[in-house]
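Novice: Once you've had a glance at the structure underneath, I'll fire off some questions.
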Amino acid sequence: GAGVSQSPSNKVTEKGKDVELRCDPISGHTALYWYRQRLGQGLEFLIYFQGNSAPDKSGLPSDRFSAERTGESVSTLTIQRTQQEDSAVYLCASSLDNTSGEKLFFGSGTQLSVL
Amino acid sequence: AQSVTQLGSHVSVSEGALVLLRCNYSSSVPPYLFWYVQYPNQGLQLLLKYTTGATLVKGINGFEAEFKKSETSFHLTKPSAHMSDAAEYFCAVIDTSGTYKYIFGTGTRLKVLA
(Lines give C-alpha, C1' and ligand atoms only; values in the text may rest on other atoms or scores of the structure.)
Protein backbone atom coordinates (compact mmCIF):
# COMPACT_ATOMS: atom_id res chain seq x y z
CA GLY A 1 0.00 0.00 0.00
CA ALA A 2 0.95 3.62 -0.37
CA GLY A 3 0.74 4.54 3.29
CA VAL A 4 0.85 3.22 6.82
CA SER A 5 -2.14 0.98 7.38
CA GLN A 6 -3.65 0.28 10.79
CA SER A 7 -6.37 -2.15 11.72
CA PRO A 8 -8.93 -2.18 13.06
CA SER A 9 -9.86 1.46 12.74
CA ASN A 10 -12.19 1.14 15.71
CA LYS A 11 -12.24 -1.36 18.52
CA VAL A 12 -14.74 -1.57 21.34
CA THR A 13 -13.94 -4.04 24.07
CA GLU A 14 -14.95 -4.89 27.59
CA LYS A 15 -12.75 -4.22 30.57
CA GLY A 16 -10.46 -7.15 31.22
CA LYS A 17 -10.34 -8.41 27.64
CA ASP A 18 -7.17 -8.56 25.55
CA VAL A 19 -6.84 -6.59 22.30
CA GLU A 20 -4.40 -6.73 19.43
CA LEU A 21 -3.76 -3.78 17.16
CA ARG A 22 -2.00 -4.13 13.83
CA CYS A 23 0.24 -1.81 11.86
CA ASP A 24 1.53 -2.30 8.33
CA PRO A 25 4.27 0.25 7.69
CA ILE A 26 5.38 1.53 4.34
CA SER A 27 7.55 -1.04 2.59
CA GLY A 28 11.24 -0.44 3.21
CA HIS A 29 10.76 1.73 6.28
CA THR A 30 13.18 0.57 8.94
CA ALA A 31 11.80 2.65 11.81
CA LEU A 32 8.39 2.02 13.35
CA TYR A 33 6.74 3.75 16.30
CA TRP A 34 3.63 3.31 18.38
CA TYR A 35 2.08 6.32 20.11
CA ARG A 36 -1.02 6.77 22.23
CA GLN A 37 -3.17 9.89 21.99
CA ARG A 38 -5.88 10.40 24.57
CA LEU A 39 -8.71 12.76 23.72
CA GLY A 40 -7.41 16.30 23.57
CA GLN A 41 -3.91 15.25 24.59
CA GLY A 42 -0.52 15.04 22.95
CA LEU A 43 1.38 12.07 21.62
CA GLU A 44 2.52 9.61 24.24
CA PHE A 45 5.47 7.52 23.06
CA LEU A 46 5.03 3.79 23.60
CA ILE A 47 7.65 1.83 21.68
CA TYR A 48 10.22 2.25 18.88
CA PHE A 49 11.59 -0.36 16.50
CA GLN A 50 14.68 0.44 14.42
CA GLY A 51 15.84 -2.23 12.02
CA ASN A 52 17.25 -5.26 13.79
CA SER A 53 18.12 -3.38 16.96
CA ALA A 54 16.46 -4.21 20.24
CA PRO A 55 13.24 -2.15 20.50
CA ASP A 56 13.04 0.84 22.80
CA LYS A 57 10.21 -0.11 25.15
CA SER A 58 10.73 2.73 27.57
CA GLY A 59 7.30 4.25 26.90
CA LEU A 60 5.15 1.21 27.58
CA PRO A 61 2.98 2.21 30.57
CA SER A 62 2.72 -1.22 32.19
CA ASP A 63 3.49 -4.87 31.65
CA ARG A 64 0.00 -5.28 30.18
CA PHE A 65 1.37 -3.64 27.04
CA SER A 66 3.65 -5.43 24.60
CA ALA A 67 4.57 -5.10 20.95
CA GLU A 68 6.30 -7.13 18.31
CA ARG A 69 7.60 -6.48 14.87
CA THR A 70 8.36 -9.10 12.26
CA GLY A 71 11.56 -8.07 10.53
CA GLU A 72 10.93 -4.71 8.91
CA SER A 73 7.25 -5.34 8.25
CA VAL A 74 4.07 -5.67 10.24
CA SER A 75 3.89 -4.79 13.93
CA THR A 76 1.30 -5.73 16.53
CA LEU A 77 0.57 -3.94 19.79
CA THR A 78 -1.11 -6.11 22.39
CA ILE A 79 -2.90 -4.83 25.46
CA GLN A 80 -3.82 -7.47 28.01
CA ARG A 81 -6.58 -7.15 30.58
CA THR A 82 -7.69 -3.80 29.20
CA GLN A 83 -8.69 -1.00 31.56
CA GLN A 84 -10.88 2.02 30.93
CA GLU A 85 -7.85 4.30 31.04
CA ASP A 86 -6.50 2.46 27.99
CA SER A 87 -9.20 4.13 25.89
CA ALA A 88 -7.41 6.29 23.32
CA VAL A 89 -6.31 6.47 19.72
CA TYR A 90 -3.28 4.31 19.08
CA LEU A 91 -1.13 5.67 16.29
CA CYS A 92 1.53 3.86 14.31
CA ALA A 93 4.16 5.68 12.29
CA SER A 94 7.11 4.64 10.15
CA SER A 95 10.05 6.31 8.50
CA LEU A 96 12.68 5.39 5.98
CA ASP A 97 15.84 6.35 7.84
CA ASN A 98 15.92 8.37 11.04
CA THR A 99 19.67 8.92 10.80
CA SER A 100 19.17 11.34 7.94
CA GLY A 101 16.12 13.04 9.41
CA GLU A 102 13.40 11.45 7.34
CA LYS A 103 9.83 12.38 8.17
CA LEU A 104 7.37 10.13 9.90
CA PHE A 105 4.38 8.79 8.03
CA PHE A 106 1.42 8.23 10.32
CA GLY A 107 -1.41 5.78 10.03
CA SER A 108 -5.01 6.80 10.67
CA GLY A 109 -4.95 5.17 14.06
CA THR A 110 -7.04 2.68 15.97
CA GLN A 111 -9.68 4.18 18.22
CA LEU A 112 -9.86 1.90 21.26
CA SER A 113 -12.83 2.16 23.59
CA VAL A 114 -12.82 0.09 26.76
CA LEU A 115 -16.26 -0.18 28.37
CA ALA B 1 18.74 12.25 26.52
CA GLN B 2 17.12 14.92 24.41
CA SER B 3 13.75 16.42 25.22
CA VAL B 4 11.46 19.01 23.68
CA THR B 5 9.27 21.58 25.38
CA GLN B 6 6.39 23.46 23.84
CA LEU B 7 5.36 26.56 25.77
CA GLY B 8 1.63 27.07 25.82
CA SER B 9 -0.76 24.19 25.35
CA HIS B 10 -3.33 26.58 23.88
CA VAL B 11 -2.69 29.68 21.79
CA SER B 12 -5.35 32.01 20.38
CA VAL B 13 -4.74 34.60 17.69
CA SER B 14 -6.97 36.81 15.62
CA GLU B 15 -7.32 36.14 11.93
CA GLY B 16 -4.57 38.09 10.14
CA ALA B 17 -2.35 38.29 13.22
CA LEU B 18 1.10 36.82 13.66
CA VAL B 19 1.28 33.19 14.72
CA LEU B 20 4.14 32.26 17.07
CA LEU B 21 4.37 28.79 18.55
CA ARG B 22 7.35 28.13 20.79
CA CYS B 23 9.54 25.07 20.92
CA ASN B 24 12.74 24.52 22.88
CA TYR B 25 14.90 21.44 23.03
CA SER B 26 17.48 20.29 25.52
CA SER B 27 20.57 18.70 24.07
CA SER B 28 24.30 19.22 23.83
CA VAL B 29 24.22 17.86 20.30
CA PRO B 30 22.04 19.69 17.75
CA PRO B 31 19.12 17.45 16.92
CA TYR B 32 17.05 17.23 13.81
CA LEU B 33 13.96 19.40 14.34
CA PHE B 34 10.43 19.12 13.02
CA TRP B 35 7.00 20.64 13.21
CA TYR B 36 4.00 18.41 12.56
CA VAL B 37 0.40 19.55 12.29
CA GLN B 38 -2.80 17.68 13.06
CA TYR B 39 -5.93 19.24 11.60
CA PRO B 40 -9.25 18.29 13.18
CA ASN B 41 -10.15 14.67 12.53
CA GLN B 42 -7.05 14.15 10.40
CA GLY B 43 -3.72 12.42 10.83
CA LEU B 44 -0.43 14.13 11.57
CA GLN B 45 1.53 15.55 8.69
CA LEU B 46 4.90 17.19 8.37
CA LEU B 47 4.87 20.98 8.26
CA LEU B 48 8.62 21.57 8.00
CA LYS B 49 11.95 20.26 9.20
CA TYR B 50 15.54 21.27 9.88
CA THR B 51 18.44 18.84 9.55
CA THR B 52 21.42 20.81 8.26
CA GLY B 53 22.16 23.96 6.27
CA ALA B 54 20.10 27.12 6.31
CA THR B 55 18.66 27.71 9.75
CA LEU B 56 15.48 29.36 8.47
CA VAL B 57 13.26 26.75 6.95
CA LYS B 58 10.00 27.24 5.11
CA GLY B 59 7.14 24.81 5.18
CA ILE B 60 3.70 24.37 3.79
CA ASN B 61 0.87 26.88 4.13
CA GLY B 62 3.16 29.86 4.72
CA PHE B 63 4.75 28.60 7.93
CA GLU B 64 8.43 28.92 8.70
CA ALA B 65 10.73 28.16 11.60
CA GLU B 66 14.22 29.21 12.57
CA PHE B 67 16.76 27.01 14.30
CA LYS B 68 18.64 29.06 16.89
CA LYS B 69 21.40 27.00 18.44
CA SER B 70 22.30 29.63 21.01
CA GLU B 71 18.73 29.62 22.30
CA THR B 72 18.09 25.90 21.70
CA SER B 73 14.87 26.93 20.00
CA PHE B 74 12.88 26.14 16.89
CA HIS B 75 9.88 28.44 17.05
CA LEU B 76 7.17 28.26 14.38
CA THR B 77 5.82 31.43 12.83
CA LYS B 78 3.36 32.60 10.22
CA PRO B 79 2.91 36.30 9.43
CA SER B 80 -0.86 36.20 9.01
CA ALA B 81 -3.16 33.61 10.52
CA HIS B 82 -6.01 32.07 8.54
CA MET B 83 -9.03 30.35 9.98
CA SER B 84 -7.83 27.15 8.30
CA ASP B 85 -4.67 27.20 10.48
CA ALA B 86 -6.68 26.09 13.50
CA ALA B 87 -5.10 22.77 14.46
CA GLU B 88 -2.79 21.01 16.90
CA TYR B 89 0.90 21.65 16.30
CA PHE B 90 3.63 19.32 17.53
CA CYS B 91 7.31 20.08 17.74
CA ALA B 92 9.56 17.04 17.48
CA VAL B 93 13.24 16.22 17.55
CA ILE B 94 15.29 13.27 16.47
CA ASP B 95 17.82 12.35 19.10
CA THR B 96 21.10 12.45 17.15
CA SER B 97 23.17 11.54 20.19
CA GLY B 98 22.26 7.90 20.22
CA THR B 99 19.20 6.01 19.07
CA TYR B 100 17.86 8.50 16.52
CA LYS B 101 14.47 8.22 18.16
CA TYR B 102 11.71 10.74 17.43
CA ILE B 103 10.66 12.68 20.52
CA PHE B 104 7.48 14.77 20.40
CA GLY B 105 6.45 17.75 22.45
CA THR B 106 3.08 17.86 24.17
CA GLY B 107 1.49 19.93 21.43
CA THR B 108 -0.02 23.40 21.10
CA ARG B 109 -3.61 23.83 20.07
CA LEU B 110 -3.97 26.92 17.88
CA LYS B 111 -7.29 28.71 17.79
CA VAL B 112 -7.91 31.43 15.22
CA LEU B 113 -10.52 34.03 16.08
CA ALA B 114 -12.59 35.77 13.44
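The values are calculated or read from the model by the stated rules, or taken from the named source; none is laboratory data. Owing to the predicted nature of the structure, the values given are computational and were not obtained by experimental measurement. For neighbour counting, all protein chains shown are included, and Cβ atoms are generated from backbone atoms with ideal geometry for every residue, glycine included. With ligands, DNA and RNA removed, areas are computed over all heavy atoms of the protein, side chains included. Shrake-Rupley method; radii C 1.70, N 1.55, O 1.52, S 1.80 Å.
Novice: Where only protein heavy atoms count, and the probe is 1.4 Å, what is the accessible area per residue for region A:1-80 in Å²?
Specialist: Heavy-atom accessible area per residue stands at 51 Å².
Novice: Between B:Thr106 and A:Ser7, what is the label-to-label distance in nm when each label sits 7 Å out along the Cα-to-Cβ direction?
Specialist: Rounded to a tenth, the inter-label distance reads 3.7 nm.
Novice: What is the percent carbon and sulfur in the accessible area of the protein assembly as shown, measuring with a 1.4 Å probe over the protein chains and ignoring ligands?
Specialist: 49
Novice: Next question, about the same structure. For the pairing of chain B with chain A, what total accessible surface becomes buried, with a 1.4 angstrom probe, in square angstrom to the nearest 100?
Specialist: 1500
Novice: Mind checking which lysines have their Cα closer than 18 Å to the Cα of B:Lys49? Skip sequence neighbours fewer than 8 apart in that chain.
Specialist: Cross-link targets: A:Lys103, B:Lys58, B:Lys68, B:Lys69, B:Lys78, B:Lys101.
Novice: At q = 0.19 Å⁻¹, work out log10 I(q)/I(0) for chain A with the Debye formula, treating every Cα as an identical point scatterer and leaving solvent out; two decimals please.
Specialist: After summing over all Cα pairs, the log10 values are -0.95.
Novice: Please compute the contact order of chain A in relative form: average sequence separation of alpha-carbon pairs under 8 Å and at least six residues apart, divided by the residue count, as a percent.
Specialist: Computed over chain A, the figure is 38 percent.
Novice: Okay, moving on. Treating only the Cβ of Lys, Arg, Asp and Glu as charged (+1, +1, -1, -1), what charge dipole size does chain A show about its Cα centre? Round to the nearest 20 debye. Could you put the intermediate results ahead of the total?
Specialist: Details: 11 positive and 13 negative charges, 57 e Å.
The dipole of chain A has a size of about 280 debye.
Novice: Follow-up. Just to be sure I understand: of the beta bridges DSSP finds with both ends in the protein assembly as shown, what percent are antiparallel, rounded to 5?
Specialist: Working: 68 of 77 bridges.
Restricted to the protein assembly as shown, the bridges split so that about 90 percent are antiparallel.
Novice: Given Cβ point charges of +1 (Lys, Arg) and -1 (Asp, Glu) and nothing else, what value in debye, to the nearest 20, does the dipole of chain B about its Cα centre take? Write out the running numbers ahead of the final one.
Specialist: Numbers: 9 positive and 7 negative charges, 20 e Å.
Magnitude of the dipole: close to 100 debye.
Novice: Evaluate 2.2 N^0.38 Å with N set to the residue count of the protein assembly as shown, then give the Cα radius of gyration divided by it.
Specialist: Here the Cα radius of gyration is 1.02 times the empirical estimate.
Novice: Could I ask something else about it? Putting +1 on Lys and Arg Cβ atoms and -1 on Asp and Glu Cβ atoms, find which of A:Thr82, B:Leu113, B:Leu48 reaches farthest to the positive end of the dipole of the protein assembly as shown.
Specialist: B:Leu113
Novice: Evaluate the relative contact order of chain B (contact order divided by residue number), counting alpha-carbon pairs under 8 angstrom at least 6 apart; express in whole percent.
Specialist: 38
Novice: In addition: How high is the relative contact order of region A:1-69? Use alpha-carbon pairs under 8 Å, at least six apart in sequence, and give a whole percent.
Specialist: It comes to 20 percent, rounded to a whole number.
Novice: So, one more: Cα centroid distance between region B:49-66 and region A:85-115, in Å?
Specialist: 24
Novice: What average number of partner chain Cβ atoms lie no more than 10 Å from the Cβ of the residues making up A:34-43?
Specialist: Average per residue, whole number: 4.
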